[in-house]
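In what follows, a structure is listed as structure tokens, so that the remarks can point back to it.
Laboratory data are not the source of any read-out in this text; all were calculated from the coordinates shown. Source: prediction; values computed, not measured. All Cβ positions, even for glycine, are placed from backbone atoms using ideal geometry, and neighbour counts span all protein chains on display.
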Amino acid sequence: MPYAHITGWGISVPEPVLTNDDISKMVDTNDEWIRERTGIRERHIAREDQFPSTLGVEAAIKALKVANIAPTDIDLIICTSSSPEYIWPPTACLIQDQIGATKAGAFDLQGVCTGFIYATNMAAQSIRSGSIKNALVIGTETLSRFINWKDRSTCILFGDGAGAFVLQASDNPGGILSAVMRSDGSGADSLILPGGGSRFPASESTIHENKHYVHMDGKAVFRFATRVMGQAAKEALEKANMTTDDIQWIVPHQANYRIIETAAKYLKMPLDKFVINVERYGNTSTASIPIATVEAVEKGMIKNGDKIVLVGFGGGLTWGALVAEWTGPVPSKRNVHPEQYRFFARLRSLARRAIRYLEGLFSRREL
Ligand code: UT7
């Protein structure tokens, strides 16, 4: 049975920064309160011309470059987002088209902030089963578009960004070693974006009732998160026949510094084994775990051979964790430039649209 290794990684974070002081000019809050209760100092907010696919494509191209493989080598793209570009088509298909992944199946996986754990595990299991060789997993958010900037209990928390992993099959042991995925739909109301789906289709009243914004029972989510984070990490470690002594790093979902502190206490681990960057990005939902992981790799914290735990929680309610051995890119003599495929991808996409248009004209005449 092949192993599924993480061989490429990349992130994309929009430049504009929104500080706590900036938010305190919009709602009744202040920097001290936000830092004390959440650990967040600032977050990045997408420009008007940036969408989940825009950020997702940039992160994906970087990940392919690190893995040194072409978009045409990808068999499967799983995109996970709490702020997808549309209800459908999947954001994964928009990314597939823009990067030129001509042989890839592409779908979105909705697991809210736990989405990246679920998606990485699903990609790894597809590789482990032998049905595919190369997968691209992307968590990408422009959640700022769904935030009520008059609601101080939510607008201080979230930020935009994207992160991506390339997973590849290998006979060498390592890569994704175990995973747990859990859910409890009885808590669906605790964290919800109610408007725009089939239950509350967009209408004047859904807009008046602010249904197109994130609604959250912060205290309930806080209690749930502090209960499940440590538990999930422990269960994933047990599945891999490991203990906390065997791992070098834990990369938790970056929602709130205090939640991470509680998980550390539960696991009896020092906080300096946790990768934490919530102060600079806020909660980027599905993108938070890959952004934190990639930063830790790029800073030289996570090294080849390290065993790590990725652990998340979020709306659904959902939570999960996975244990991985970080092995890095597969050594290769070829030098691939995935960014160059974008030009041809655009040409191909335009040609396909033109053909579809002409086919439409032609078939109308036939009728
Ligand atoms: O991906 C998962 C996403 N969600 C989460 O992880 C959220 C988890 N929950 C949390 O992080 C925390 O519950 C919050 C940061 C959202 C809130 O912190 P808290 O310590 O639970 O505060 P609270 O809701 O109990 O509010 C305490 C007080 C209240 O005032 P009173 O009733 O005691 O007078 C709030 O009205 O703080 C007030 N408050 C604020 N004050 C200043 C609430 N939000 C703010 C604010 N600035 N932004």
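Structure above, values below:
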item: Pairwise label distance in nanometres, residue 21 with residue 334, each label 7 Å out on the Cα-Cβ vector; result: 5.2
item: Neighbour net charge for residue 144 - beta-carbon separation under 9 angstrom, K R +1, D E -1; result: 0
item: Contact order normalised by residue count of region 3-325, Cα under 8 Å, 6+ apart, percent; result: 25
item: Magnitude of the charge dipole, the chain, Cβ model with Lys/Arg +1 and Asp/Glu -1, debye to 20; result: 700
item: Compactness relative to 2.2 N^0.38 Å, alpha carbon Rg of region 83-207; result: 1.25
item: Charge-dipole axis of the chain as Lys and Arg at +1 and Asp and Glu at -1 on Cβ define it, positive-most pick from 89, 355, 304; result: 355
item: DSSP loop trypsin sites (Lys or Arg not before Pro) with at most 15 other Cβ within 10 Å excluded, longest remaining stretch of the chain; result: 200-267
item: Around residue 216: net Lys/Arg minus Asp/Glu count, Cβ-Cβ under 15 Å; result: +3
item: Neighbour-count ranking [beta-carbon atoms within 10 angstrom, fewest first] of 87, 156; result: 87, 156
item: Within the chain, percent of DSSP bridges classed antiparallel, to nearest 5; result: 70
item: Mean ellipticity per residue at 222 nm, deg cm²/dmol - from DSSP H runs of n ≥ 4 across the chain, formula -39500 (n - 2.57); result: -11000 deg cm²/dmol
item: Net charge dipole size for region 1-98 [Lys, Arg +1 and Asp, Glu -1 on Cβ; Debye, nearest 20]; result: 260
item: Residue 153 paired with residue 342, simple spin-label distance in nm, labels 7 Å along Cα-to-beta-carbon; result: 4.1
item: Gyration tensor verdict on region 316-367 (Cα atoms; rounded if a/c is under 1.5, prolate if a/b is larger than b/c, oblate otherwise); result: oblate
item: Prolate/oblate/rounded call for region 290-348, Cα gyration tensor, a/c under 1.5 rounded; result: oblate
item: Most mobile of 304, 121, 335 in a GNM of the chain (Cα contacts under 10 Å); result: 335
item: For residue 274, residues with placed amide H under 5 Å, excluding near neighbours; result: 250
item: Charge context of residue 169, other residues only, Cβ under 11 angstrom, K/R +1, D/E -1; result: 0
item: Kyte-Doolittle mean at least -0.5, axial Cα span of 30 Å or more - DSSP H helices of the chain; result: 218-239
item: Cα-based shape type of region 3-325, given that a ≥ b ≥ c are square roots of the gyration tensor eigenvalues and the cut on a/c is 1.5; result: oblate
item: Among 113, 126, 66 - extreme Cα towards positive end, dipole of the chain, charges at beta-carbon; result: 126
item: Estimated FRET transfer efficiency (residue 202, residue 356; beta-carbon r; R0 22 Å; 0.05); result: 0.20
item: Given charges at beta-carbon only (K, R positive; D, E negative), |dipole| of region 54-138 in Debye; result: 280
item: Excluding exposed DSSP-loop GluC sites (Glu not before Pro) (at most 15 other C-beta within 10 Å), longest clean stretch of the chain; result: 49-208
